[in-house]
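Some notes on the structure that comes next.
The values are calculated or read from the model by the stated rules, or taken from the named source; none is laboratory data. Predicted model, so just to flag it, every value in this text is computed and none were measured. Quick reminder, even Gly has a Cβ in these numbers, built from the backbone with ideal geometry, and neighbours come from all protein chains shown.
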Amino acid sequence: MNLGMSIGVSGLNAAMTELDATSENIANATTPGYSSEVAQLATLAGGPTSSTGDGVEVTSVAQVTSALLSASNLQAQGALSNISSTQQVLSSIQNIFPLGQSTASTSTTTSSNTSLAGELSDFWNGWDAIAQAPSTLAPRTSIIDQAQGMATTLNEASSQLSQLSTNTSQDIATDVTQVNSLLTQAANINASIAKGASAGQTNNQLSDQMSSVINQLGALTGVTVTSQSNGTSLINIGGVNVVQGAQAATLAVTTTGSTTVSGSDEIGIVAYPPGASASTPGVAVPVSSGSIAGLLTGVNSSIPQYQNQFNGVAQALATTVNSQLEAGYNTAGSGGNLTNPATGDYYQGAPLFVPAGYVAQTDANGNPTGLPTVTASSISVNSTLVANPMELAASSVATDSANDGTNAQNLAELGTVSTGPDLAYQNLIENIGADTQTANSQLTSQTAVATQAQSALQSVTGVNQDAQLTALMSFQNDYQASAKVVSTIDATIQSLLAAV
Amino acid sequence: MTAIQSSSPILLSPSVLESSMINNLNTDQTALATVENQLSSGNAVTQPSDNPAGAANILQLQGSLTRANQYASNAANGVSWLSLGNSTVNSVLNVLQSLQSTVEGLSGNSLTGGSATITATQTAATGALNQLLNLANTTEAGGQPIFAGTGGGSAAYNADGAYLGNNTAPTRTVAPGTQVAIATTGPQIFGDSTTTAGLLGTGSGGTAVGVLQQIVNDLGTAASATTTSARTAAISQVTGADLQNLNTAITTVENAAGALGTNEQTVQSFSVQATNSATSILGELSSVQDTNVAQATTNLQLEQDAYQSALYATSQLSTDALVKYL
């Protein structure tokens, strides 16, 4: 009879623990890193005289986990952060190169464009305006203005690209600081887990904290985690162990010694083992996942690639215009000082686009030599020509041709040459458009993959409120039933006592 | 408790539901914004990633369009030069033909009418010479002499009738790689007065005596002749060889006028061609660039529906739960 009472009490205890676990689950339904808990029950074996058993016992409160789903979720979230950062960098690059189109008007046959492409079109047409009146100043002044406008556009876009590169590097540094703080937290949690383990305890709350830290790390750098026998986690980034037991490495941003396509220094991540001084060389960490990987791709590859391509546009503009000017002659109507005393011919045309701080170079006959090399950041308009636009080489004839605009006409036709800046710029627009489009669609599909992975993990380890509430009712019934057992046995004993 | 572990594949936790709802809302909102942007801007391609090849194509077409409009403007400029040239050459013809008839009328009455007729004819010839010099120095609106080729300053001929320009006619680009001459150089009409006698040479300042100056000179000889035979000889020089030279010069000017007329027609047809090509490029451009309003409006409706459904689903998320019925 007393056995029945104690079985009832064991049932009450078990139901109470189950109710506790369920309450904990419902309370933590939205806690990041939380894995739902389950009270593990087992039959309490009876003594040698008991054939019924001694009731029920709670062996442990276990966490519902899935190593496979956790790992694939971690991987998917890392990949998502990676492509998301890449996409952000590419969109930012794309924003630097607007299409600049106005709405095409159907009432007139014109369509203006405010981008570099539109400036180029107007620039080429400006040479025809010079050809229509080679000895007038106005069209020449306007072409100098247009050239300066384009140089400014090129300079500004180039400096925006540099600024983007700087900002992205700063984002990496911020992320690395955050990673270092997370690594320290992980090492501390490991230390607590190890201490508990040596005392024979498991602590679900510490595991939950660790899983939250690991998820944050995964989104930043992509980590792989190996559970150790004492319950601690071995955290590894790109083959380098960064948290082992209570020890955490420190990450830092550094230059790798390589250079990018645009000639800037490539940056990378190194790890300093715990206790190592910052002066020792760190271990290179190949980060291939997480937002840091995406940002590194941006700084080391995407931005330099477009910087390079944009420099190509500036160089194509300078080369195309300057070499045509050099083929022409400088026949300003005001002219005596512009003729070469040795030959009596007009001087060949000076370059229009030169690097900032350009010093004119001439050969023995006083003709300009060498086509200057420019970049998008250095391109500017030759100050000699700004001071006297009449010196623009509009003529193709060495002598007696004040009203010759043939060279200007030739220049006007250069908008369509295959090595010209227009095509180079169109290619750049097409490339950045295609890259951004690809990143956009990768982001969309990776978002679906990551959402799927998270749903799969959460469906196992997460808290479904409906299920928990159903379980809650069932445990409540269990508790009430066990209480009923106790009261029934009590009543039985009372009735026996009364009968005696 | 085993219920959780062995349950059907997807058991949604609030955080999964929440994040997937937010994702869906964001996706719908982005799609809606894209369509709204297309409709409000009128551009189907607002950034290169909308349509990379289309974006490059738009830039290229806009470049071609701007260029085609410039060809039209070049051609219009050429037409104005050529029509000015044409009317000037016709004036030259009128002056020469009127002098021709005056000189032709000389033979009959000059012997009897005495020096008055001769002097009047001489004055007419001198006047014609001055008129031609003015016409030869005609300038277009920008001040450039139209018969000076691409050389020279503000005039094609000096007062002595010497040519100051060069022998290259200015051109205009009227189609890709196509340049047409928009004027005739002075020597082709008036001669240069040095290597050929031409119409304008006065014989001073290093120039040869031109056709008109020769008539003036010979009439001067006739007027001042003291004997009838000398006068007759001088007059017959005017009505003979001089008139012959004048006729030849008229033929030359007529040919030049014909050539200018042909050129004007050519440039005019290039002008029409450039305008047509601008129109067709614009059509092509708008097919790549412009929003298909019917399609975008339909898409807008679809996206609005999708967004509203997503919003409704989100609003139901918190209300439809077991907890409500307990």
Scan segment B:270-326 for residues that are over 36 Å from the mean Cα position of the chain (by Cα), β-branched (Val, Ile, Thr) and either closer than 30 Å to B:ASN77 by Cα or facing chain A (nearest Cβ under 10 Å) (or both) and report the count.
1
Go through segment A:109-125 and give me each residue that's buried (at least 23 other Cβ atoms within 10 Å of the Cβ), more than 36 Å from the chain's Cα centre (by Cα) and touching a residue at least 40 places away in the same chain (Cβ under 8 Å).
A:TRP124
Checked against (1) in a loop (DSSP other than H, G, I, E, B); (2) without any contact (Cβ under 8 Å) to a residue 60 or more places away in the chain, B:VAL45 satisfies every condition except (2)
In segment A:444-466, the residues that are among the hydroxyl-bearing types (Ser, Thr, Tyr) and either more than 7 Å from chain B (Cβ to nearest Cβ) or closer than 29 Å to B:LEU322 by Cα (or both)
A:THR444, A:SER445, A:THR451, A:SER455, A:SER459, A:THR461
Looking at A:SER474, A:SER495, which is the one that is more than 10 Å from chain B (Cβ to nearest Cβ), of a type in the set (Ser, Thr, Tyr) and more than 21 Å from A:ALA76 (Cβ to Cβ)?
A:SER495
Inspect all residues belonging to segment B:117-127 and state whether any of them is crowded, with 21+ Cβ neighbours inside 10 Å, in contact with a strand residue (DSSP E or B) (Cβ under 9 Å, 6 or more places away or on another chain) and modelled with pLDDT of 85 or more.
no
For segment A:370-404: of the residues being farther than 30 Å from B:THR171 by Cα and of a type in the set (A, V, I, L, M), which is nearest to the other protein chains (Cβ to nearest Cβ)?
A:ALA376
With the condition kept exactly as written, say whether any residue in segment A:227-241 is among the aliphatic types (A, V, I, L, M) and in a loop (DSSP other than H, G, I, E, B).
no
Leading residue by the ranking (surrounded by the most Cβ atoms within 10 Å (Cβ to Cβ)) among those in segment B:25-51 that are within 21 Å of B:THR279 (Cβ to Cβ) and within 10 Å of chain A (Cβ to nearest Cβ):
B:ASN43
Test: A:GLY433 is under 30 Å from B:ASN57 (Cα atoms) and either in contact (Cβ under 8 Å) with a residue 12 or more places away in the chain or at the interface with chain B (Cβ under 8 Å from one of its Cβ atoms) (or both):
yes
Candidates B:PRO176, B:PRO170, B:PRO145, filtered to the one that is out of contact with any helix residue (DSSP H, G or I) (no Cβ under 6 Å at 6 or more places or on another chain), over 20 Å from B:SER73 (Cα atoms) and within 10 Å of chain A (Cβ to nearest Cβ)
B:PRO145
Candidate set: segment A:6-45, residues that are among the hydroxyl-bearing types (Ser, Thr, Tyr), surrounded by fewer than 21 Cβ atoms within 10 Å (Cβ to Cβ) and within 36 Å of the chain's Cα centre (by Cα); chosen: the one nearest to the other protein chains (Cβ to nearest Cβ)
A:THR30
Boolean, A:LEU3 is surrounded by 15 or more Cβ atoms within 10 Å (Cβ to Cβ) and at pLDDT 90 or above
no
With respect to the numbered conditions (1) at pLDDT 90 or above; (2) within 11 Å of another protein chain (Cβ to nearest Cβ); (3) under 30 Å from B:VAL174 (Cα atoms), which one is the sole condition not fulfilled by A:SER441?
(3)
Is it true that A:THR152 is outside any loop (DSSP other than H, G, I, E, B), within 25 Å of the chain's Cα centre (by Cα) and of a type outside the set (A, V, I, L, M)?
no
Identify the residue in segment B:52-73 that is more than 7 Å from chain A (Cβ to nearest Cβ) and farther than 23 Å from B:THR171 by Cα and, among all such residues, is surrounded by the most Cβ atoms within 10 Å (Cβ to Cβ).
B:LEU61
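Conditions tested, residue by residue: (1) part of a helix (DSSP H, G or I); (2) at positive phi; (3) touching a helix residue (DSSP H, G or I) at 6+ places or on another chain (Cβ under 7 Å); (4) at pLDDT below 90.
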position	(1), (2), (3), (4)
B:THR196	no, no, no, yes
B:SER204	no, no, no, yes
B:LEU212	yes, no, yes, yes
B:ASP218	yes, no, yes, yes
B:GLY240	yes, no, no, yes
B:LEU243	yes, no, yes, yes
B:SER287	yes, no, no, yes
For segment A:398-500, please list each of the helices (runs of 4 or more DSSP H) lying entirely inside it that holds at least 1 residues being in contact with a Phe, Trp or Tyr (Cβ under 8 Å, 6 or more places away or on another chain).
A:406-412, A:421-461
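Per-residue answers, yes or no, for (1) surrounded by 21 or more Cβ atoms within 10 Å (Cβ to Cβ); (2) farther than 26 Å from A:VAL242 by Cα:
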position: A:ASN155; (1), (2): no, yes
position: A:LEU161; (1), (2): yes, yes
position: A:ASN167; (1), (2): no, yes
position: A:SER192; (1), (2): no, no
position: A:SER207; (1), (2): no, no
Residues to consider are B:GLN301, B:GLN289; find the one that is under 20 Å from B:GLU36 (Cβ atoms) and either in contact with a Ser or Thr (Cβ under 7 Å, 6 or more places away or on another chain) or free of Cβ contacts under 8 Å to residues at least 12 places away in the same chain (or both).
B:GLN301
